[in-house]
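The values are calculated or read from the model by the stated rules, or taken from the named source; none is laboratory data. Because the structure is a prediction, the values reported are computed rather than measured. Positions of Cβ are generated from backbone atoms using ideal geometry, with glycine treated the same way; all protein chains shown enter the neighbour counts. Note: areas computed on protein heavy atoms with side chains; ligands, DNA, RNA excluded. Shrake-Rupley method; radii C 1.70, N 1.55, O 1.52, S 1.80 Å.
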Amino acid sequence: MPFSLSIEPTTACNLGCPECPSGLKQFTRPTGKLDLSLHQNMLDQLHKHAFYINYYFQGEPFLHPNFLELIRQAKRKKIYTATSTNAHFITKKVAQEIVESGLDRLIISIDGLTQETYENYRVHGTLSKVLEGTQHLVEAKKTMRSKTPHLIFQFLAVKPNEHEIPSVFKLGKEMKIDEVRIKSAQLYEYQNGNPLMPENEKYSRYKLQSDGTYKLKYKTGNHCWRMWSSSVLTWDGKVVPCCFDKDAQHVLGTIEQTPFKKIWENQKYVDFRQAVLSHRNKIDICQNCSEGAKVWV
């Protein structure tokens, strides 16, 4: 059974990021939010094995009206909880509630240090809201003398913002953020280049070839430890193999219809793992995967 899970609170998002199917409203699957009773069902089935849950898959978690109740339900099962947010909905009151919920780790996406560079990728976003929400969290932790949540600034490196990478570390230190991470961008169209591809190859998932085309610069052999250690559950209870299956094209079962243990051991899951071991590069969601190579700094 998996020791790590990703559970999707909602597919809804307030932004329109150019490489995100949620932001671009390109999903073929419906938009919705995780029901609290379904979530409790998930926990009841999995808490004896899973000790880490990332409450993020697609969408903005804080658009779920009861998001922090999901966290509280998991904490009652003594599970380590994490999530990722664009931080547009973190008021002073919400920041206090986040700390009180027991959330262990919070990734804050900050993909630019001026409004111009930020909104180049975070379309419809407002940088000042991100900074204000972050400050509320830092102050709430200080006021409540809490070490959690562990706050992470995550900076998605793309061509328009890569010149700001040194400065985001300075900003994180000034704001008393616990950690700063630089993340490479997954680009759907990369073979012939992409306007978002960083000039510094250190921050890119792709490498220029002698013929002028690009390829994924990391080897993707017939292996993937995630197939045996983790699983992803969508807001409506579908089980998919990993976070690269963003539109849930490889549904392995539905937890409302079948106990998770039976899904985990069923023939569809076994066949998918076998495909990873024999011809991973032919699986659509594996062809642009950077497992093990997302963060450089």
What order do you get for 236-246, 139-149 when each peptide is scored by the mean count of other beta carbon atoms within 10 Å, highest first?
236-246, 139-149
Take the Cα atoms of the chain, build their convex hull, and give its volume per residue in Å³.
123 Å³
Sort Ser210, Ser4, Ser128 by accessible area with a 1.4 Å probe, largest first.
Ser210, Ser128, Ser4
Just the number: Rg to Rh for region 160-219, Cα atoms, Kirkwood Rh, two decimals.
1.08
Would you mind counting up the charge near Asn86? Only other residues with Cβ under 15 Å from its Cβ, with Lys and Arg at +1 and Asp and Glu at -1.
-2
Rounding to the nearest 20 debye, state how big the charge dipole of the chain is about its Cα centre with +1 on each Lys and Arg Cβ and -1 on each Asp and Glu Cβ.
880 debye
Too long at a 19 Å Cα-Cα cut-off: which of Lys25/Lys268; Lys77/Lys183; Lys147/Lys176; Lys207/Lys246; Lys147/Lys173?
Lys25/Lys268; Lys77/Lys183; Lys207/Lys246
What residue among Gln287, Thr126, Leu106 has its Cα farthest toward the positive end of the dipole of the chain, where the charges are +1 on Lys, Arg and -1 on Asp, Glu, each on the Cβ?
Leu106
For region 94-233, I need the span (max minus min coordinate) of the C-alpha atoms along each principal axis, in Å, sorted largest to smallest.
57, 41, 25
All aspartates and glutamates inside 13 Å of Lys75 as judged from Cα atoms, apart from same-chain residues fewer than 8 positions distant:
Asp44, Glu100, Asp104
Counting only heavy atoms of protein chains, what accessible area per residue, in Å², does region 105-150 have with a probe of 1.4 Å?
51 Å²
Could you give the Stokes-Einstein D for region 149-193 in µm² per second, using the C-alpha Kirkwood radius, 37 °C, 0.692 mPa s?
279 µm²/s
Free-standing Cys residues across the chain, given no other cysteine C-beta under 4.7 angstrom
Cys13, Cys224, Cys242, Cys243, Cys286, Cys289
For the chain, what is the calculated [θ] at 222 nm in deg cm²/dmol (nearest 500), taking -39500 (n - 2.57) for each run of four or more DSSP H residues and dividing by its residue count?
-8500 deg cm²/dmol
I'd like the accessible area for Val251, computed on protein heavy atoms only with a 1.4 Å probe and all protein chains in place. Round to 10 Å², please.
40 Å²
Farthest towards the positive end of the dipole of the chain, among Ala50, Leu151, Phe272 and with Cβ unit charges of +1 on Lys and Arg and -1 on Asp and Glu, lies the Cα of Ala50
Summing +1 for each Lys or Arg and -1 for each Asp or Glu, what net charge is found among the other residues whose Cβ lies under 12 Å from the Cβ of Ala95?
0
Provide the gained length on full extension for the span Asp247 to Val270, in nm with one decimal, where the gain is 0.36 nm per separating residue minus the Cα-Cα distance.
6.2 nm
Would you work out if region 160-297 is rounded, prolate or oblate? Take a ≥ b ≥ c from the square roots of the eigenvalues of the alpha-carbon gyration tensor; rounded if a/c is under 1.5, else prolate when a/b is larger than b/c, oblate otherwise.
oblate
Taking the chain and dividing mean pair separation by its residue count, relative contact order in percent (alpha carbons under 8 Å, at least six apart)
19 percent
Spelling it out for Gly253: with amide H atoms placed in the peptide plane at 1.01 Å from N, the residues 5 or more places away or on another chain with amide H under 5 Å from its amide H are Val239
Using amide H atoms built 1.01 Å from N in the peptide plane, name the residues 5+ places from Lys183, or on other chains, whose amide H lies under 5 Å from its own.
Phe155, Leu156, Ala157
Summing +1 for each Lys or Arg and -1 for each Asp or Glu, what net charge is found among the other residues whose Cβ lies under 10 Å from the Cβ of Lys207?
+2
